[in-house]
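For reference, the structure is listed below as structure tokens.
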Amino acid sequence: MRDIAPCLWFANEAEEAANFYVSLFPNSRIDHIQRNVTESPSGPQNSVLIIDFTLKGRPFQALNGGQRIEYTHAISLSSPCADQAEVDRLWNALGDGGTFIECGWVKDRYGVSWQVFPEILPRMLADPDTERAARVMRAMMGMVKIEVAGLEAAYRG
């Protein structure tokens, strides 16, 4: 039985996008490429239709739909990072050709929204000391790229 997998819609750059994404994350790979069996709105016969791929051990699909449909922030891919170096690496890679947005959000060159943040952030926000958690939230709200040092300073007070 297969897992539920997000399917990302692209005009005709599904293979390029999937290859880009798997290059960024460990435990990632292209699993299968389904080609068009006949000409369709997705493209000519033998062009890429669907790509099954894995990101950090999770299944995804990319579909060439033949036309651009814009993504919104209503859905995003959330990427917790081990440390500032990983935040910086993903932030820069995903933002290359895309748009940097506040609070750790970045829209990549394909229009997909990502949340790039250090994995300590949710723990800080869940701290039972609500004033400490509120300081972290206020600090995060003032950032574009999330900076661990700024979060830690806010956490300490």
What residues have an amide H closer than 5 Å to that of C81, excluding those fewer than 5 places away on the same chain, when H is modeled at 1.01 Å from N in the peptide plane?
F117, E119
If you plug each phi of the stretch 109-118 into the Karplus form 6.51 cos²θ - 1.76 cosθ + 1.60 with θ = phi - 60°, what whole-Hz ³J(HN,Hα) values come out, in order, with x for Gly and Pro?
4, 9, x, 7, 8, 10, 10, 10, 8, x
Looking at [x] 69, 34, 25; [y] 62, 31, 24; [z] 70, 55, 22, which value of Cα extents along the principal axes in Å comes from a calculation on the structure shown?
[y]
Phi to ³J(HN,Hα) by Karplus 6.51 cos²θ - 1.76 cosθ + 1.60 over the stretch 33-45, Hz, x for Gly, Pro:
10, 9, 9, 4, 7, 8, 4, 8, x, 6, x, x, 3
Taking every DSSP beta bridge with both residues inside the chain, roughly what % is antiparallel (nearest 5)?
65 percent
Shape category assigned to the stretch 10-95 from the gyration tensor of Cα positions, a/c cut at 1.5
prolate
Whose amide H sits under 5 Å from the amide H of G111, counting only residues 5 or more places off or on another chain, with H placed in the peptide plane?
none
I'd like the Karplus ³J(HN,Hα) series for the stretch 55-66: coefficients 6.51, -1.76, 1.60, θ = phi - 60°, whole numbers in Hz, and an x wherever there's a Gly or Pro.
10, 6, x, 10, x, 9, 10, 10, 10, 8, x, x
As an exercise, take the mean of 1/r over every pair of distinct alpha carbons in the stretch 70-157, invert it, and state the Kirkwood radius in angstroms.
13.2 Å
Label H32 and E152 with points 7 Å out from Cα along Cα→Cβ: what is the distance between them in nm?
4.5 nm
In terms of modelled amide H atoms, which long-range or inter-chain residues lie less than 5 Å from the amide H of S47?
N36
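Each reported figure results from applying straightforward, stated rules to the coordinates on display, with no laboratory input. Here the structure is a predicted model, which means the values were calculated and not measured. Cβ atoms come from the backbone with ideal geometry, glycine included; neighbour counts cover every protein chain shown.
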